[in-house]
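For reference, the structure I am asking about is given below.
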Amino acid sequence: MTFATYVYAVRRTGGPEIHSPGHDGGGPVRLLPLGSLTAVVQDVPAADFTEEALRRRFTDRADLERCARTHHRVVSAAAAGAATVPLPLATLYANDVRTRVVLEEHAERLSEALHRVAGHVEWAVKVHRDTAQPPPEPAADGGAPAAPERDEPATGREYLARVRGRRATRERQQESALDAVDLVDRVVRTVAVAAVRRPLHGVELTGRERPQVMNGAYLVPRDGDRLFEAALDTLRQDPRLAGFAVEASGPWVPYSFASVALTEGAGRDGAPA
């Protein structure tokens with residue numbers, strides 16, 4: 001059987017061994033020295049990681065999830081012992097020699113990424129409109145909330161007024177969402193050292209019956225969890241966020257802040273690029 005070298009992550013040399021199972025059918029997860037850096041690798045059956053095999057496996061949701069969970073589990077185990085730069089899912093090379101060649105070419109950028117995330121973790125922060133607590137809808141003239149609409153407008157003038165009212169409502173919702181996102185971002189940034197904004201998730205992905213208005217990631221000092229939680233508590237009690245729900249998850253390995261594009265090589269066919 002032909003094996004390829006699957007690379008989970010890179011960290012500084014000197015960290016502890018990793019005792020975490022890798023992909024099925026492969027050897028034990030091991031450390032591959034790269035000078036001042038160390039790659040976290042596993043020998044895997046090359047036939048299971050060709051471009052065609054991966055395309056087939058990744059169209060199977062259960063198989064994709066299993067691969068992603070294995071990858072994340074090993075990366076998390078590596079990060080528990082030292083600052084770690086996670087590599088993308090299914091990064092592999094023909095053998096250890098090729099792995100060393102490619103990663104050593106990027107040693108400077110990998111070292112910079114390790115310096116950036118050392119002592120930090122990632123927290124995800126999401127903001128949704130809370131349909132359980134809808135904000136009051138003011139009338140178009142700014143007065144009291146408008147009365148519920150009748151099923152059918154009685155006149156053309158009433159129809160046009162209704163259209164204008166709906167447009168005004170959408171504009172107010174957009175403005176309130178922008179204000180909410182700005183407030184959350186400003187408060188969380190007081191305890192974070194970096195932030196990135198991710199694409200919003202649709203209901204078909206999140207399974208939530210409410211629209212997402214913010215999907216962010218924040219790099220927070222590892223010992224700053226209490227300050228981070230306090231910032232979230234402040235936001236959740238802020239009346240300016242009535243009608244919105246602020247959610248956070250973490251701490252995670254700082255995937256969003258340790259990305260290094262390996263332009264030479266990472267192939268999915270078990271061979272050098």
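Among what's in the stretch 1-30 and is surrounded by 22 or more Cβ atoms within 10 Å (Cβ to Cβ) and among the hydroxyl-bearing types (Ser, Thr, Tyr), pick the residue that is farthest from ALA113 (Cα to Cα).
Among those residues, the one meeting the criterion is THR5.
Mind telling me which of the residues VAL101, VAL74 ends up being of a type in the set (A, V, I, L, M, F, W, C), open to solvent by 30 Å² or more (accessible area, probe 1.4 Å) and under 20 Å from THR13 (Cα atoms)? Spell out the reasoning first.
Working: VAL74 fails: open to solvent by 30 Å² or more (accessible area, probe 1.4 Å).
Exactly one residue qualifies, and that residue is VAL101.
One line per residue, one yes/no per condition, for (1) aliphatic (A, V, I, L, M); (2) in contact with a helix residue (DSSP H, G or I) (Cβ under 7 Å, 6 or more places away or on another chain); (3) surrounded by 15 or more Cβ atoms within 10 Å (Cβ to Cβ):
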position	(1), (2), (3)
LEU32	yes, yes, yes
ALA53	yes, yes, yes
TYR93	no, yes, yes
ALA107	yes, no, no
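Can you tell me which residue in the stretch 198-248 is least open to solvent (accessible area, probe 1.4 Å), limited to those that are of a type in the set (Asp, Glu), part of a helix (DSSP H, G or I) and closer than 20 Å to GLU122 by Cα?
Per the criteria, the residue is ASP225.
The values are calculated or read from the model by the stated rules, or taken from the named source; none is laboratory data. Not measured: the values here are computed from a predicted model. All Cβ positions, glycine included, derive from the backbone under ideal geometry; neighbour counts span all protein chains shown. Areas reflect the complete protein model, heavy atoms only, side chains present, ligands, DNA and RNA absent. Shrake-Rupley method; radii C 1.70, N 1.55, O 1.52, S 1.80 Å.
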